[in-house]
1. So A:Gly181 passes all but one of these: (1) surrounded by 23 or more Cβ atoms within 10 Å (Cβ to Cβ); (2) farther than 18 Å from A:Ala134 by Cα. Which condition number does it fail?
2. Only one of these is at pLDDT 90 or above and more than 23 Å from A:Pro110 (Cβ to Cβ): A:Ala346, A:Ala261. Name it.
3. Write out, first by first residue and then by second, each pair whose Cβ atoms fall under 7 Å of each other, whose residues are 6+ apart or on separate chains, and whose first residue, in the stretch B:3-28, is within 14 Å of chain A (Cβ to nearest Cβ) while the second is exposed (fewer than 15 other Cβ atoms within 10 Å of the Cβ).
4. Hey, can you tell me all the residues within the stretch A:72-115 that are surrounded by 14 or more Cβ atoms within 10 Å (Cβ to Cβ), basic (Lys, Arg) and without any contact (Cβ under 8 Å) to a residue 60 or more places away in the chain?
5. Take the residues in the stretch B:29-50 that are within 14 Å of chain A (Cβ to nearest Cβ) and touching a strand residue (DSSP E or B) at 6+ places or on another chain (Cβ under 8 Å), then tell me which one is surrounded by the fewest Cβ atoms within 10 Å (Cβ to Cβ).
6. May I ask you to list the residues in the stretch A:288-309 that are under 18 Å from A:Asp63 (Cα atoms) and either more than 14 Å from chain B (Cβ to nearest Cβ) or not in a loop (DSSP other than H, G, I, E, B) (or both)?
7. Answer yes if at least one residue in the stretch A:167-187 is in contact (Cβ under 8 Å) with a residue 60 or more places away in the chain, assigned by TED's automatic domain parsing to the domain that holds A:Ala91 and on the phi > 0 side of the Ramachandran plot, and no otherwise.
8. Looking at A:Tyr146 and the list (1) among the aromatic types (Phe, Trp, Tyr); (2) touching a Pro at 6+ places or on another chain (Cβ under 6 Å); (3) surrounded by fewer than 23 Cβ atoms within 10 Å (Cβ to Cβ), which single condition is not satisfied?
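The values are calculated or read from the model by the stated rules, or taken from the named source; none is laboratory data. Quick caveat: nothing in here was measured; it's all calculated off a predicted structure. Every residue, glycine as well, gets a Cβ built from its backbone with ideal geometry; the counts of neighbours run over all protein chains shown.
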Amino acid sequence: MTAAARPLLPQAGSFGGFVAEARRAGRLVVQPRMGMSDPHLMREGLLATRRADATTVGTITLDSYTRVGDHREARRALATGVALNGYPIVAHSAAITRAVTDRIAGASFPVQVRHGSAAPQDIFEAVVAAGLSASEGGPISYCLPYSRTPVARSVANWEAACAVLARLGAEGAEPHLETFGGCMMGQLCPPSLLVALSVLEALFFRQHGLRSVSLSYAQQTHPGQDAEAVTALRRLAGELLVGLDWHIVIYTYMGVYPHSAGGARLLLEEAARLAVRTGAARLVVKTEAEAHRIPTIAENVRALETAARAAEQAGPAVGPSRTPGCTRRRSPWCTPSSASTRTSGAPSPGPSRTGCWTSRTACTLTTPGAPAAISTRAAGCTGPRSARCRCAAPQARAAAG
Amino acid sequence: MVRKLRACDELRATPIVIGGKLGIAGVEHGDRLGALVDAGFDAVFEDSAGIVGFHDFVRALPSGVGR
């Protein structure tokens, strides 16, 4: 392995670093969609997210005026006291946004800005000015569904925007960008297209100076198909993003949402289980209010905790153990051991020998009963360790399998 | 927006409606919906009211143009 191909260790205190650490501890990171135009409310929301009984990162979701660059209208709404559907980060001064996140955002609670803009340069300037370093989107996924901007212009905009964030790298921070490509139109896109877009946008981010990225996939209507899609996404990322810090983020269902509280909760729990089953590191939740309105802070906290409990019950966030001594290559569908087996410390009955977790070309065996992210080398394994084998990040397994 | 549309001569009599989730806090009531009609919409269809009212509105429209 050349020095250039060595994986970048996520910086402690960075968005990617926080997620990697949670992953090593076997905890799924959960995150709300949350944005209020009132700075006091926004701060309250971040604080409540931080205090939720779950491993959380914070979100500042921007309003629709800011997303389309109409900062004048956003300022007018602020001046006249009209509530917006998000936090207008450009219309508010950097000082106000710094006050919103002061003593809340930091190494133990990274905050990501979510927007939806095909021209996010001024948004990213505001993000950086406020001392933040994580955002999301992409030149295609935030162009076609959300704006009238031609793709070529969106690409140029996103190049410039990436440069704004990447600049932080020279200042010692580790900026993070998440692809929105795994959602695209919310629904009605084949998973293969979502996977391809997510990978391409991650490659775009790398090309333009980002070293810490996440790849999204939005829960669709078929859990089996979703698991296959995320497996493919992870495998491609493992092959194509060598040298980057990266993880997978699942979006809870982005289509027409159940109207009943029970239905909404079930769908969210299903998304949490998908994330655990597929080795995703982070989940963006939806609330019981989704079908009706923008959720309250309390509803968001409830959703975060519901998702965290569902993830815990589904087992460690890293995946199943493997039959001792099995040396067969692992198939994408090898997820047979039950949670009780995994936590008992006893050897798992494991998958059949037609599909195991490791291959001799890259040792990533997980020890039954061990903390989810700790792996040991399989007895007799002689293959080279994969780039990320040290902590058995699932990406390595996907790449190896 | 609708005031700008109504300011165009050729759009003065065109049926224009608005609907869906119109606020950020759930179902909108009375005053806010009335303000939209006053601004120039022919009708307002809140998401929670269902689609029947909209169907009735469309059925009641005179067919063709030529007014």
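1. (2)
2. Checking each option against the conditions leaves just A:Ala261.
3. B:Gly23/B:Arg32; B:Val27/B:Ser48
4. A:Arg75, A:Arg98, listed by residue number.
5. Ranking the qualifying residues of the stretch B:29-50, first place goes to B:Asp47.
6. Listed by number, the residues that qualify are A:Ile297, A:Asn300.
7. yes
8. In the conditions (1) among the aromatic types (Phe, Trp, Tyr); (2) touching a Pro at 6+ places or on another chain (Cβ under 6 Å); (3) surrounded by fewer than 23 Cβ atoms within 10 Å (Cβ to Cβ), A:Tyr146 misses (2) alone.
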